[in-house]
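The values are calculated or read from the model by the stated rules, or taken from the named source; none is laboratory data. Predicted model only: the values in this text are computed from it and were never measured. Please note: Cβ atoms are built from the backbone with ideal geometry, for glycine as well, and neighbour counts cover all protein chains shown. Ligands, DNA and RNA are excluded from the accessible area calculation, which covers all protein heavy atoms including side chains. Shrake-Rupley method; radii C 1.70, N 1.55, O 1.52, S 1.80 Å.
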Amino acid sequence: MIHKKTKIAILYGGLSREREVSLKTGKAIYEALTKKEYLQAQLVDVDHDIASKLRDGAFECAYIALHGRYGEDGCIQGLLECMKIPYTGVGVFPSALAMNKAFTKVVLGALGLRVSPSFVSSEDMDYSEFEKRLLEKVSLPFVGKPVHEGSTFGLQIVRRFEELKESFERVHQFDRQALWEPFISGREFTVAVVDAEAFPVIEIKPLSGLYDYEAKYEPGKTEFICPAALSQEQTLHIQSEALRAAQILGVDAFSRVDFMFDGVDFWILEVNTMPGMTGTSLVPRAAKAKGIDFEDLVEHLLLSAGLGDG
């Protein structure tokens, strides 16, 4: 039972490329819990000694504020399960599944959700073979992205065939595997799912036209519209698709589902199990549109903490 005197480790920072974003998320969560008078909450920077830090600190609960590898992919969740420390968010297997963009698309597509055709390459694949097999599946223009990265790290947009070889080499600097899919031109949306409820839809309008790392994290680079300017039918449809995707993957306790709308269909891009959690991040924006302030959202997620898959 979590209460105001529970000793809470806010796990932030970490070892992934998304460390800087995680530091901001962790600090925002710490400030929110402090305002809610959880005075035993502490920021704990995750490194290779995290098991010792958790044991020596005698922490009773973990609030996961990590993004990317080792924090969003089931690794830290598995450690916490072994240590029998309750934690926020989703469990080991759903975290690992959703972090893998290729597996996510296979699972969702097999169960009838709308995902684009795609091809997965490996860094040791012969380039000529890659080129041949890719063009059998996907036509220009297309997107290449690391299978296990977030925050658009390594994202490649290929508009001309002459750009493909360089993009292949660049994307594999970030991951052994890369996912290649059609570039869908249109409007971008996201739907937060909390406790099996789809929150108000947000439209994302980057000024540059591409929602890349800069557009995500630099103030003024992107316009966010919530609730999104969609018809009631469209809104209910995209919320239903987001909830179904989250339930299929087992991440309906807390996640965010991203979509592209080409004017006819809503296409699922990916599912995030540890979206940003600062006062201006997407999930808190959606919560605010429902009348839930940031501190209440943070506390709610804390009180939902359990042992994931256990």
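Given R₀ = 30 Å, what would the calculated FRET efficiency be for S139 paired with D293, taking r from the Cβ atoms and rounding to 0.05?
Working: r = 46 Å, r/R0 = 1.53.
Efficiency, from the Cβ-Cβ distance: 0.05.
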Result for segment 51-184: accessible area per residue, probe 1.4 angstrom, in square angstrom, of 45 Å²
Probe 1.4 Å, protein heavy atoms only - accessible area per residue of segment 256-310 in square angstrom: 39 Å²
In debye, nearest 20, what is the charge dipole magnitude of the chain about its Cα centre with +1 on Lys and Arg Cβ and -1 on Asp and Glu Cβ, if you could check? 460 debye
Work out the charge dipole of the chain with +1 on the Cβ of Lys and Arg and -1 on the Cβ of Asp and Glu about the Cα centre, then indicate which of V171, G279, I184 is farthest towards its positive end. G279
For segment 67-211, take the alpha-carbon Rg, divide it by the Kirkwood Rh, and send me Rg/Rh. 1.00
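Set the bar at 26 Å for Cα to Cα. Now go through K101/K290; K221/K288; K27/K288; K84/K288; K84/K290; K36/K288 and name every pair that lies beyond it.
The pairs that break the limit, which is 26 Å between Cα atoms, are K101/K290; K84/K288; K84/K290.
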Cβ-based charge dipole, the chain, positive-most Cα from A9, V90, L108: A9
Once phi for every residue in segment 113-122 is put through the Karplus expression 6.51 cos²θ - 1.76 cosθ + 1.60 (θ = phi - 60°), the whole-Hz ³J(HN,Hα) values, with Gly and Pro written as x, are 7, 7, 10, 6, x, 8, 9, 10, 10, 10
Quick one: order E18, E136 from most to least accessible surface, probe 1.4 Å. E136, E18
With the cut-off at 12 Å, report for segment 140-181 the share of all Cα pairs above it, as a whole percent. 49 percent
Accessible area of the chain with a 1.4 Å probe: how many percent of it is carbon plus sulfur? 51 percent
Normalized C-alpha radius of gyration of segment 37-117, against 2.2 N^0.38 Å? 1.34
For Q234 and K7, calculate 0.36 nm times their separation in residues minus their Cα-Cα distance, and state this gained length in nm to one decimal. 77.4 nm
Relative contact order for segment 1-139: what is it in percent, counting Cα pairs under 8 Å that are at least 6 residues apart? 22 percent
Share of alpha-carbon pairs per 10 Å distance bin for segment 80-123, given as whole %: 22, 40, 23, 15, 0
Expressed in nanometres to one decimal, the distance between label points 7 Å along Cα→Cβ at D262 and Q40 is 5.4 nm
Can you give me the P(r) profile for the chain? Cα pairs, bins 10 angstrom wide beginning at 0, each as a whole percent. 6, 27, 35, 22, 8, 1, 0
Projected onto their principal axes, the Cα atoms of segment 1-153 stretch, largest extent first, over whole-Å spans of 59, 31, 28
Using the alpha-carbon centroid of each, what span in Å lies between segment 178-210 and segment 57-80? 26 Å
Taking the alpha-carbon distance from K137 and a cut-off under 14 Å, which aspartates and glutamates remain once sequence neighbours fewer than 8 residues away in the same chain are dropped? E129, E181
Compute the distance from the alpha-carbon center of segment 284-299 to that of segment 83-121, in whole Å. 25 Å
Counting pairwise Cα distances across segment 227-310, what percent come out greater than 22 angstrom? 32 percent
When the helices in the chain are scored as -39500 (n - 2.57) per DSSP H run of 4 or longer and the sum is shared across all residues, what 222 nm value do you end up with, to the nearest 500 deg cm²/dmol? -10500 deg cm²/dmol
What distance in nm separates the simple spin-label points at L303 and E162, each placed 7 Å from Cα in the Cβ direction? 6.1 nm
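Sorting check: for 33-40, 248-255, which peptide has the highest mean count of neighbouring beta carbons within 10 Å, and how do the rest follow?
Order by mean packing, descending: 248-255, 33-40.
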Averaged over every viewing direction, what's the projected area of the C-alpha convex hull for segment 151-310? Give it in nm², one decimal, please. 10.9 nm²
